[in-house]
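Peer 1: Input: one structure, supplied below.
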Amino acid sequence: MFRRKPLVGILLFGSLWGFSECIIGSYLEEIGLPSGSIMTGVFAISILLLSRLVYRQPGMQIGMSLTAGMLRLFNPFVGCHLCSAIAIMAEGLIFELLWNTFTMDEVYSYKLASRVSFGIISAYLLYTMGYIVTQVLTPIIATSSFSAMNLVATLPKILSQGLPVAFLGGLMTPISLWVAKPHRFTLPDKLYYPVTIGVTMFCWLTVILSWL
């Protein structure tokens with residue numbers, strides 16, 4: 001059962017994730033960089049890891065992905081907002097499955113090579129599986145139709161584009177683990193709620209006002 005702090009943490013980290021997708025991801029796209037790869041390999045994997053290690057609350061990352069996906073839908077004038085929202089929501093579920101499959105709760109005791117390996121595998125699967133889910137669900141939601149042949153034709157592209165994401169994930173995972181150690185990432189209770197609520201409101205207001 002969720003405690004109050006993790007529930008507020010879902011809003012905080014989910015809003016930060018959605019904010020980064022809408023604002024930073026849009027900027028990367030405007031300057032011609034592969035925003036999808038960078039957002040998953042750097043921002044998504046880091047936010048998912050930090051939240052899991054700080055709160056140690058199973059299921060939290062699914063709630064975060066739903067929050068981030070909803071926020072992405074509030075920024076409809078940049079790219080395919082429906083595709084992005086579906087991919088974000090899928091990534092939260094995929095991360096939960098991976099974390100439980102690899103039993104990563106004792107990740108601090110793992111060697112550097114194991115941490116990097118987890119980052120490589122998780123980032124690659126987050127990107128490729130999230131991409132595949134969007135290819136299936138987006139046409140179903142938008143047009144009530146789906147072509148398996150179109151998905152098969154795009155699979156080589158999806159799988160190859162996941163390789164640089166895997167590299168970024170392998171790099172960011174040890175950094176995220178270092179940042180997430182308890183003595184580096186704590187707030188006293190009297191500051192926790194005002195700070196988290198303030199940051200959450202800033203993220204939502206910034207995204208909404210960015211297209212008004």
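Peer 1: Under 12 Å between alpha carbons, and skipping anything fewer than 8 positions from Lys5 in its own chain: which aspartates and glutamates qualify?
Peer 2: Qualifying aspartates and glutamates at Cα under 12 Å: Asp189.
Peer 1: Suppose every K and R has +1 on its Cβ and every D and E has -1 on its Cβ; what is the size of the dipole of the chain about the Cα centre, in Debye to the nearest 20?
Peer 2: 560
Peer 1: At 24 Å minimum axial length over the Cα atoms and a Kyte-Doolittle cut of 0.0, report the qualifying DSSP H helices in the chain, or say none.
Peer 2: What comes out of the filter, once short or polar helices are dropped, is 81-101, 112-143, 148-179, 189-209.
Peer 1: I want to verify a result. In a Gaussian network model of the chain, Cα cutoff 10 Å, which of these has the top mean-square fluctuation: Ala44, Ala166, Ala142?
Peer 2: Ala142
Peer 1: For Cα pairs less than 8 Å apart in space and 6+ apart in sequence, what is the mean separation divided by the residue count of segment 4-209, i.e. the relative contact order in percent?
Peer 2: Once divided by the residue count of segment 4-209, the mean separation gives 31 percent.
Peer 1: Checking the cross-link filter: which lysines have an alpha carbon closer than 17 Å to that of Lys111, excluding same-chain neighbours under 8 positions apart?
Peer 2: Partners found: Lys181.
Peer 1: Considering the chain as a Gaussian network with a 10 Å cut-off on Cα pairs, which listed residue, Arg56, Arg72, Arg115, attains the greatest mean-square fluctuation?
Peer 2: Maximum fluctuation in the GNM of the chain, among the listed residues, is at Arg56.
Peer 1: Return an integer: the convex hull volume of the alpha-carbon atoms of the chain, in Å³ per residue.
Peer 2: Expressed per residue, the convex hull around the Cα atoms of the chain is 127 Å³.
None of the figures in this text is laboratory data; all of them are computed from the coordinates on show. Treat the numbers as computed from the prediction; the structure is a model and nothing was measured. FYI the Cβ positions are ideal-geometry reconstructions off the backbone, even for glycines, and counts take in every protein chain you see.
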